[in-house]
1. Can you name the residue in the stretch 25-45 that is in a loop (DSSP other than H, G, I, E, B) and modelled with pLDDT under 75 and is also nearest to Ile293 (Cα to Cα) among such residues?
2. What are the residues in the stretch 325-342 that are closer than 28 Å to Ala274 by Cβ and surrounded by fewer than 21 Cβ atoms within 10 Å (Cβ to Cβ), if any?
3. Filtering the stretch 46-67 down to residues that are at pLDDT 70 or above and assigned to a loop (DSSP other than H, G, I, E, B), which residue is nearest to the chain's Cα centre (by Cα)?
4. Just a yes or no: is a residue in the stretch 291-308 aromatic (Phe, Trp, Tyr), surrounded by 24 or more Cβ atoms within 10 Å (Cβ to Cβ) and part of a helix (DSSP H, G or I)?
5. Which of the numbered conditions does Ala273 fail, given that it passes all the others? Conditions: (1) surrounded by 20 or more Cβ atoms within 10 Å (Cβ to Cβ); (2) in a helix (DSSP H, G or I); (3) not acidic (Asp, Glu).
6. Tell me, yes or no, whether the stretch 3-24 has at least one residue that is of a type in the set (Ser, Thr, Tyr), at pLDDT 90 or above and exposed (fewer than 13 other Cβ atoms within 10 Å of the Cβ).
7. Quick check on this structure: which one of Gly204, Gly151 is among the small types (Gly, Ala, Ser) and in the same structural domain as Cys318 (by TED's automatic domain parsing)?
Amino acid sequence: MNWYTNFVIKHRKSVVIVFALLTIASILLLMRVNVNYKMADYLPPSAQSTKAVKIMEKEFTQAVPNSSVMVSDVSVAKALEYKEKLLKINGITEVLWLDDMVDVAKPLEMYDQDTVEGFYKNGKALYSVTIKEGMEPETIKAIRKLTGKDGAVSGEAADTNAMRSAAGGEVKMAVLIIVPTILLILILSTTSWLEPFLFVAAIGTSIVINMGTNIFLGRISFITNSVSPILQLAVSLDYAIFLLHSYGDYKRQYDTPENAMRAAMKKSVKTVAASALTTLFGFIALAFMDFRIGADLGLNLAKGIALSFISCMVFLPCLTLMCNKLIQKSQHREFMPSFKNVNCFFSKVAIPVMVIVVVLTIPAFLGQRKVDFLYGNGEGKLQHITGIMSFASQVGTGIPKDFLAPEIIDQFYSKNYARIIIYTDTKQEGEAAFKTVEEIKATVNKYYKEFYFAGQSANLYDMKSVVAIDNNRVNLIAIAAIFLVLLFSLQSVSLPFILIFTIEIGIWINLSIPYFAGSALNFLGYLVISTVQLGATVDYAILFTTHYLDLRKETSSKKAIHTAMGETFKSILVSGSVLAIAGLALNISSSNPIVGELGMLLARGTLLSMFMVFCLLPALLRIFDGVIRRTTCKAGFFKAKEINFNGKETKQ
């Protein structure tokens, strides 16, 4: 390690300059990063709805409607005028209404009322509108101006526009919530007014570089854009805290700040690397999802963790040494208590917690597997098909195609395919919507060997099918990868099982709460939190266990638990508080239900993980002390000496 520490410290000014330039360049680049707001684009190429869209784009000039526009208090004649006005708005490529289904010149009572009321009811006209991709903001603004305050716009394009408008402001709001709160927590837990700003500077630099380098990925999802910066800050802040805490300890042992920093870097790099690896593999596991938003989010966060590690192990030491005099001048008393005897409280609740865990483990495991999922931003709705737009329904089968204009035929037939547009009164998803998709598929399958479905409900139905496979795969990969990291870092066969179970029971309880509360859970939050909570919070269990193992070589398991709790409680409390607050910041600031729900799961899951580490893990370590001793390489556990009846010493 000497070459690494010597090089970094010798060239500290150059390192700070390089990171400063990279940060400035990344700020300029992140303004040009393309953000994708369409979840359906992340379905795998093999999904039938993905194939359907590609075929439709290739075969037909007429796009699938992506918005619904309602105009109030209009007659049929007035509704036709509004249709023409909508068609003139820049960005609208097509408008479908009742006149495309029936002859509105005749009395509407002559036609099926379900079909009529799907487009016109109680003086309100509902149009199916196609808005050109990329033109949503200006087009929807023009639609709202035309329809007035009593009008409404909904659908995929409207959702995309709403998310696009809110995204930037919501990320800023989350940052405004979390950064001051983190600074306050760090001020309370350190002895320098300046140190907290160094922590945030080191992680903030890596976040900006991570976001800026996303430009080389082509584009990122709106989920990644909203969640990644906050999660990266919360998860990797520990790296900076650990380094500077070690530096503060070694400053009392070495004659110069440089030597103290060398020692701190040598001690920290392996510990921080092990911590980073568990989180890294948790995020990389998301890349194995068929639903490609997992790869988008997972690889981005993995890149962020790697950059945070480099920033904390290279940039932060240089910045700290350059600010050493300011750190000395900004010293203050320690505001937080030592927590030396905090285990006196947790030892009293150990047995009740064990009983609760035994009682809850199986229900929590089963409950989290039975949660009802949402796959978009909607909820379950009504049913029924309200209208069908096809060549037969619009033109009739009795008129030969040769007598019709090409633009009429091209709406329904291409060289290889025929197209049918089906209208339903279900919303985007839910049991009724998915059942309708299945029934339509079953009906079509009776008459055609090859067919494809496109549209929001079809996309979300495919997401449901993909997620069912992704869930088990991602969890197994994450658990296996983190198990191997723990196996090699702790050099124990039994401890990885104990640590992973400690965190997993917290995850099961967290994810089973929606089931027992009778509410649905967004599938993306379910998938992400399973790996994020495990990868991020298993570090708390590692920190506690490594302290316990070191102390166990010198004393009994009971005393080792007591001392380890006192030594690690503040670090785990600070780290967990930061991660929980990050989740709450996402929940409070985001209007997007996916991001908001993920934030709540993260906050609740972090608190549960902390509780399990403080209450359950110590009890497990004591119960399985003998097993751990026999299955851990060079454990060297302390054995008390006692005098037997023959006057000889024995070890216990």
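1. Residues of the stretch 25-45 that are in a loop (DSSP other than H, G, I, E, B), as a first pass: 31-33, 37-38, 43-45.
So of that shortlist, the ones also modelled with pLDDT under 75 come out as 43-45.
Details: Leu43: 8, Pro44: 10, Pro45: 13 Å.
Among those residues, the one meeting the criterion is Leu43.
2. The answer is Glu334, Met336, Ser338, Phe339, Lys340, Val342.
3. Of everything passing the filter in the stretch 46-67, Asn66 is nearest to the chain's Cα centre (by Cα).
4. Step one: of the stretch 291-308, the residues aromatic (Phe, Trp, Tyr) are 291.
From what's left, surrounded by 24 or more Cβ atoms within 10 Å (Cβ to Cβ): 291.
Retained after the next criterion (residues that are part of a helix (DSSP H, G or I)): none.
No, every residue in the stretch 291-308 fails to be aromatic (Phe, Trp, Tyr), surrounded by 24 or more Cβ atoms within 10 Å (Cβ to Cβ) and part of a helix (DSSP H, G or I).
5. (1)
6. yes
7. Gly204
Every residue, every condition in (1) more than 25 Å from the chain's Cα centre (by Cα); (2) closer than 17 Å to Ser492 by Cα; (3) surrounded by fewer than 20 Cβ atoms within 10 Å (Cβ to Cβ), yes or no:
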position	(1), (2), (3)
Thr537	no, no, no
Ala541	no, yes, no
Leu549	yes, yes, no
Glu554	yes, no, yes
Lys558	yes, no, yes
Met565	yes, no, no
Ile572	no, no, no
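The values are calculated or read from the model by the stated rules, or taken from the named source; none is laboratory data. Just so it is clear, the structure is predicted and the values come from calculations on it, not from any experiment. Using ideal geometry, Cβ is built from the backbone for each residue, glycine included, and neighbour counts are taken over all protein chains shown.
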